[in-house]
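Down below is the structure, laid out as structure tokens.
The values are calculated or read from the model by the stated rules, or taken from the named source; none is laboratory data. All values reported here derive from a predicted model rather than from experimental measurement. Methodologically, a virtual Cβ is constructed for each residue, glycine included, from the backbone with ideal geometry; neighbour enumeration extends over all protein chains shown.
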Amino acid sequence: MILDNEKEIEELDPQGMVNDLDTFPEQCKEAVSLGEEVEVPFDLNDFDRALVTGMGGSGIIGDLLSRLLDFPVESNRGYHLPKTARPDDLLIAISYSGNTEETLSALRDGRRRGMNTVCLSTGGKMEDYCARESVPLIKIPVGHQPRASTGYMLFPLLKLLDRAGFAGAVDFDRLLENIEALAESWNSSVPSEDNGPKKLAREFAGKVPIIYGTKRNTRVVAYRWKTQINENAKQPAFWNVFPELNHNETVGYQLGSDLMENGKAIMLKNGLDLERNELRMEIMESLFEDENIDYSLARAPKGDKFTRILGQIYFGDYFSVYLALLNEVDPSPVELIESFKSRLKRAG
Ligand code: PA5
């Protein structure tokens with residue numbers, strides 16, 4: 001069983017994605033200290049909204065900030081900022097590599113509109129831009145995959161925004177302790193029979209996961225699970241949210257059981273949903289049973305909002321990497337993304 005064989009894991013994961021997950025608590029600790037050092041030349045209390053722009057593994061940070069902060073945050077992906085962007089919004093631009101063209105373009109768009117800006121990156125063109133334009137840059141460690149650097153990208157910004165009271169009641173020490181406890185339960189040395197993400201990966205091996213969250217609560221988690229499964233396990237996965245999925249996607253299960261031979265739904269729960277959405281999930285369970293659709297439930301770890309959301313993201317990260325090992329693929333390289341980016345560059 002590869003999931004419990006350290007030597008086989010090392011062979012399949014030479015770049016150490018599993019180790020990045022096992023050491024995630026240390027990454028988060030280091031990242032909190034990075035956030036303590038950040039200086040910005042403006043008063044954060046002057047803003048009443050933040051726009052966070054980034055793509056892929058960097059883009060998820062905007063979604064997370066939007067879910068976690070007691071402050072309006074709009075997450076943006078693409079070449080431009082939303083039409084509603086105003087000079088009195090704070091702009092946060094994130095690119096792990098510093099070279100993502102959409103993010104650099106959105107950053108220039110915001111600067112043209114006169115927005116105060118903070119950037120976060122390992123370097124690249126974003127660092128050059130910040131030096132030239134005197135934009136504050138939070139510089140994070142290089143040498144990981146962007147999606148394995150969520151702690152490095154999230155915590156400095158959480159810490160910075162917490163200084164203005166935007167993060168509400170976040171208790172960083174408690175949160176770090178909780179993440180450490182989760183790592184103890186889910187890390188690669190914990191055998192499959194006692195390891196939640198390993199068990200779920202075994203349940204989903206050979207299946208196409210269809211992940212369901214809820215609009216204002218677990219949306220970010222469902223999307224992150226989907227993209228992590230795509231990038232780490234190199235396989236398709238789909239996602240959607242309640243209540244919208246009850247108005248269209250649900251009907252797709254009518255003829256589903258034949259076509260869904262390899263599909264398996266999973267609903268995310270974290271105890272923070274509206275009662276009506278809880279009820280929708282229960283009814284969906286009975287509908288799946290009637291239509292003979294394979295499904296599962298995933299419950300978030302207990303704790304405050306931060307622990308539930310980040311804990312379930314962390315669970316999904318492990319789940320996707322364990323799925324990669326069962327698929328016998330190296331979780332780290334994203335050859336098709338690299339190849340796409342170089343084709344785009346060659347095209348002009
Ligand atoms: O996981 C990945 O490699 C991608 O999703 C990247 O994060 C995405 O292409 C954007 O690159 P960057 O994070 O360097 O801006």
Going through (1) surrounded by fewer than 19 Cβ atoms within 10 Å (Cβ to Cβ); (2) of a type in the set (A, V, I, L, M, F, W, C); (3) assigned to a helix (DSSP H, G or I) one by one, residue 297 fails only at (3)
Of the candidates 108, 77, the one satisfying the condition of being among the basic types (Lys, Arg) and more than 18 Å from the chain's Cα centre (by Cα) is 108
Within segment 122-150, count every residue that is over 27 Å from residue 312 (Cβ atoms) and under 20 Å from the mean Cα position of the chain (by Cα).
2
Would you check which residues across segment 96-145 are of a type in the set (S, T, N, Q) and closer than 24 Å to residue 344 by Cβ and list them?
97, 99, 100, 103, 105, 121, 122, 145
Which one of the conditions (1) touching a strand residue (DSSP E or B) at 6+ places or on another chain (Cβ under 9 Å); (2) under 15 Å from residue 21 (Cβ atoms) does residue 183 fail to meet, given that it meets all the rest?
(1)
Please determine whether any residue of segment 48-64 is in contact with a Ser or Thr (Cβ under 7 Å, 6 or more places away or on another chain), in a helix (DSSP H, G or I), under 30 Å from residue 324 (Cα atoms) and polar (S, T, N, Q).
yes
Look through 201, 106 and report the one residue that is at pLDDT 95 or above and closer than 30 Å to residue 257 by Cβ.
201
Report every pair of residues separated by at least 6 positions or lying on different chains whose Cβ atoms are under 7 Å apart, first residue within segment 284-309 and of a type in the set (S, T, N, Q), second part of a helix (DSSP H, G or I).
292/257; 296/203; 307/175; 307/178
Among the residues of segment 123-137, is there at least one that is closer than 21 Å to residue 72 by Cβ and touching a Leu at 6+ places or on another chain (Cβ under 6 Å)?
no
For the subset of segment 88-105 comprising residues that are more than 9 Å from the ligand (Cβ to nearest atom), buried (at least 24 other Cβ atoms within 10 Å of the Cβ) and free of Cβ contacts under 8 Å to residues at least 60 places away in the same chain, which member is nearest to the chain's Cα centre (by Cα)?
93
How many residues does segment 179-234 contain that are touching a residue at least 60 places away in the same chain (Cβ under 8 Å) and within 16 Å of the ligand (Cβ to nearest atom)?
11
Filter result for residue 174 (modelled with pLDDT of 95 or more and more than 16 Å from the ligand (Cβ to nearest atom))
yes
Within segment 54-73, is even one residue closer than 23 Å to residue 232 by Cα, out of contact with any helix residue (DSSP H, G or I) (no Cβ under 7 Å at 6 or more places or on another chain) and not polar (S, T, N, Q)?
yes
Using beta carbons and a limit of 7 Å, which pairs, at least six apart or on different chains, have the first residue in segment 144-157 and modelled with pLDDT of 95 or more and outside any loop (DSSP other than H, G, I, E, B) and the second one within 11 Å of the ligand (Cβ to nearest atom) and among the charged types (D, E, K, R)?
147/231
Keeping to segment 227-244, report how many residues are assigned to a helix (DSSP H, G or I) and farther than 15 Å from residue 334 by Cβ.
1
Would you say residue 127 is in contact with a Ser or Thr (Cβ under 8 Å, 6 or more places away or on another chain) and either closer than 16 Å to residue 58 by Cα or touching a residue at least 24 places away in the same chain (Cβ under 8 Å) (or both)?
yes
